[in-house]
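Just dropping this structure here.
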Amino acid sequence: MTYTATIEEENKDIANKYKDLLKGTYQTLSAKDKRLIRKAFDLALDAHKDQRRKSGEPYIYHPIAVAKIVAYEIGLGATSIAAALLHDVVEDTEYTVDDMERLFGETIAKVVSGLTKISKLDQVQDASIQAENFRKMLLTLNEDVRVILIKIADRLHNMQTMASMPTHKQIKISSETLYIYAPLAHRLGLYNIKTELEDLGLKYTEPEVFNDILGKITQSKEEQDAYIKRFSNRIKKSLSAEGFKYKIKGRTKSIYSIRRKMKAQNVSFDEVYDKFAIRIIYKSEESKEKFDAWKIYSIVTEQFNPNPLRLRDWITNPKTTGYESLHITVMGPEGKWVEVQIRSERMDEIAEKGYAAHFKYKQGTQNERGLETWLDRLKDTLENKSINAVDFVEDFKLNLYAEEIFVFTPKGELKTLPKGASALDFAFAIHTDIGLRCRGAIVNGKLTPLDTVLGSGDQVEIMTTNIKKPNQRWLEFVVTARAKARIRAALKEEEKGIAEEGKVLLARKLKQLKINFNEKTVNDLVRFFKLKTSFDLFYRVGISSIENSQLKNYANQRSNSIYNFFKNKIQRSNSKKIKEESEELTNNFDLLVFGKDEEKLEYTLSKCCNPISGDSVFGFITINDGIKVHKSDCPNAISMQSNYAYRVLFAKWIDSSKRNFKVTLKMSGEDKTGILNELTRIISGNANMNIYNINSVTRGSVFQGKITIDVKNKTQLRKLIDNIMKIDGINKVTRAD
């Protein structure tokens, strides 16, 4: 559709849009507020006067629309409305951040600056670069949460007006929206915006599916409205008799949610039974809200039988987003299960406006300062300095969408964790030190492993030791960003310690081989073993991954005069010195493993997506060519995973030096006092080993034992066996496997 408005029509439309912006703001605006907004509007209007949108409309339409979303949908005040009007001025015009500070003060300048930084991020398709950009964006939360709130409003309006963009841009922007902006909106409690972002994202990424579901929802709307009326008529009389002031309305499940359920449960549209919910919104004083909610619950359940397994009480324990509501599922008219959401007007306002409404009620003031306390809940994720930006964003996302469970400490205190959290996540939620020293958990009175998945209502007691001994395997089952960040930091510290020991050990071994330990030798060894840094070298020596025989091979090659010639040539060209102490361990993804047990299998890399070491991948069992490895975002991935799921193998790249192997040892000898204590002391004293289980049998004076441990390599295992053989009473040690 071609844009044809005249200049006069445009000016009139701009004036109307501005009046509309001021007319229905969530917060009451003072005369001073209106002057600030007018000043921002006038500057934006002048700055963008020569700009047009892709549709042909004046550019000013966009900042006005963003400001309206900020004012109406998110519910922020004058400062944010002004910043929204100015959000593109520094990026697109001659104005600078200093101009913003001079004209509008430090706060608005800071918000506009944050929004400009995000807009300038290079939108390259490469996953790691894109993740790094998102990481930078998320870190602006530390500056002012309003930056992200206005950015979400900006993204929503862009999604609403994408029709004139080329298809490839629509898909790219929609994918970004579904990847990060919708989860962020969800986590901030902006449920209406989250729903619209998801639906618009689906509209452009899967247009046929979107239109099909939309058509079916539209067809069934009349029938749905009639059903809600029949349901409401059964309870209206009782609610009115109890003196409630209320309204009952239907809420259709979003198109995106219906699609997600269809995919997850592999069902058709007609088989999704909870396509809509009925919402009862009642007036109540804050002190009586909970009492009134349960009173309404009893009225509803007198008329309709409830499903006890589908009760969700987010009034007693609100979600960490501030969301409060009582959800019940009842058997409605005509034998249909219906979800009923019971909430006060205050709760409904929080659900729609998120934190702006939440803090309005909690602090009794209509300002935004309270929003900053939300940052405390995300601090652990934001402080995660993981080298891998993709991991950072994935960790962040993990905690954005997660449903929550409520777990009790031994003293009855309540802890909120994401659904799927393990006993180890709980340990880190209590304190980092308890997490790092955790060795087991007692869940509801029973001793359980650390990877036990917790459920709501569980009471958990953590068992600890005096030694901090984190394990690489822990990262595979913890789900909270806090636990992941703390484990990674502890492992890195442990690796530094091992590398320091390895450096000393390497110097001693080279001395025995009559080789000088210096930077040239270290660089030679790094190249010889095909490593990336001297840290990698020292670490591998420290864990015995590099054996004496391999160092002798190096010494023999070194003595060859031709090798010496090329070696010296390479060293002369490599004049840049690297300070060993500042080098960091880099991931050497040199081994691809498959399945839950991380097996080494034969494979070939597919040519359709050309995966390389370190890529997120999966294995696909072909009919004639064995296992083919594809990138997770391969163009053929969705087709293979949906149509041939039984032939898809979990796969991942690992650093073989950090891989642990389970080994079971059999021991026999004389039964002597303290033999088991000495055995566990030797194993526990090694920072790289963990005991999985241990058992022993004594027949007369003969001792027989079996122990399962993890080791990194044969050298480490051989040394362990030698040390066990030194225990008084042990006569024989063999591998059971």
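Ranked by Cβ crowding within 10 angstrom, fewest neighbours first, how are Leu454, Leu475, Leu447, Leu436 ordered? Each step should come with its number before you reach the end.
On the way: Leu454 25, Leu475 14, Leu447 11, Leu436 19.
With the sparsest Cβ surroundings first, the list reads Leu447, Leu475, Leu436, Leu454.
Computed FRET efficiency, Cβ-Cβ of Cys608 and Lys496, R0 51 Å: what is it to the nearest 0.05?
Working: r = 41 Å, r/R0 = 0.79.
It comes to 0.80.
Which residues' amide hydrogens lie under 5 Å from the amide hydrogen of Phe276, considering only partners 5 or more residues apart or on another chain, with H built in the peptide plane?
When sequence neighbours closer than 5 places are left aside, the close amide H contacts are Lys253.
Using 0.36 nm times the number of residues separating Gln557 and Asp20, minus their current alpha carbon distance, what extension gain do you get?
Additional length available on full extension: 185.3 nm.
Toward the positive end of the charge dipole of the stretch 660-735, about the Cα centre and with charges on Cβ (Lys, Arg +1; Asp, Glu -1), which of Leu717, Ile694, Met667 goes farthest?
Going by the Cα projections, it comes out as Leu717.
Here is a further query. How far is it, in nm, from the label point at Lys221 to the one at Thr622 when both lie 7 Å from their Cα along the line to the Cβ?
Distance between label points: 5.0 nm.
Could I ask something else about it? Taking the beta-carbon count within 10 Å as an exposure proxy, list Lys666, Lys110, Lys411 from fewest neighbours to most. Walk me through the numbers on the way to the answer.
Working: Lys666 14, Lys110 19, Lys411 7.
Lowest to highest Cβ neighbour count: Lys411, Lys666, Lys110.
Now for a different question. Return Trp314, Trp474, Trp653, Trp294 ranked ascending by Cβ neighbour count within 10 Å, so the fewest neighbours appear first. List each step's numbers first, then the result.
Values: Trp314 17, Trp474 24, Trp653 20, Trp294 14.
Lowest count first: Trp294, Trp314, Trp653, Trp474.
What residues qualify as long-range amide H neighbours of Val617, i.e. H under 5 Å apart, gap of 5 or more or another chain, H built at 1.01 Å from N?
Correct list: Ser632, Trp653.
Assuming 0.36 nm per residue, please report the length gained on full extension of the stretch Ser268 to Ala645 beyond their Cα-Cα distance.
Difference between extended and current length: 133.8 nm.
Turning to a different aspect of this structure: Between Lys34 and Glu91, what is the FRET efficiency for a Förster distance of 25 Å, r being their Cβ-Cβ separation, to the nearest 0.05? Write down the numbers at each step before the final one.
On the way: r = 26 Å, r/R0 = 1.04.
About 0.45, to the nearest 0.05.
Quick one: of Lys169/Lys492; Lys496/Lys662; Lys511/Lys712; Lys203/Lys353, which pairs are farther than 31 Å apart, Cα to Cα? Mind dumping the intermediate values first?
Working: Lys169/Lys492 40 Å; Lys496/Lys662 24 Å; Lys511/Lys712 26 Å; Lys203/Lys353 24 Å.
Beyond 31 Å between Cα atoms: Lys169/Lys492.
Okay, next question. Mind giving me the nanometre distance, one decimal, between the label points for Thr708 and Thr205, set 7 Å out from Cα along Cα→Cβ?
3.9
Along the charge dipole of the stretch 591-654, which of Phe650, Pro611, Asn636 sits closest to the positive end, that is, farthest toward it, with unit charges on the beta carbon of Lys, Arg, Asp and Glu (+1, +1, -1, -1)?
Asn636
Which distance in Å, rounded to a whole number, links the C-alpha centroids of the stretch 410-459 and the stretch 471-532?
Distance between centres, Cα-based: 31 Å.
Counting DSSP beta bridges with both partners in the stretch 208-353, what percentage is antiparallel, nearest 5? Working shown, then result.
Details: 16 of 22 bridges.
DSSP beta bridges in the stretch 208-353 are roughly 75 percent antiparallel.
Something else about it: Given 0.36 nm per residue, what is the gain on full extension from Asn466 to Thr409 after removing their alpha carbon distance, in nm? Write down the numbers at each step before the final one.
Values: separation 57, 0.36 × 57 = 20.52 nm, distance 2.07 nm.
Gain on stretching Asn466 to Thr409: 18.4 nm.
Among Leu36, Ala47, Pro58, pick out the residue whose Cα is farthest towards the positive end of the charge dipole of the stretch 10-60, where Lys and Arg carry +1 and Asp and Glu carry -1 on C-beta, about the Cα centre.
Most positive-ward Cα: Leu36.
Read the figures in this text as sums done on the coordinates, not as results from a lab. Not measured: the values here are computed from a predicted model. Every residue, glycine as well, gets a Cβ built from its backbone with ideal geometry; the counts of neighbours run over all protein chains shown.
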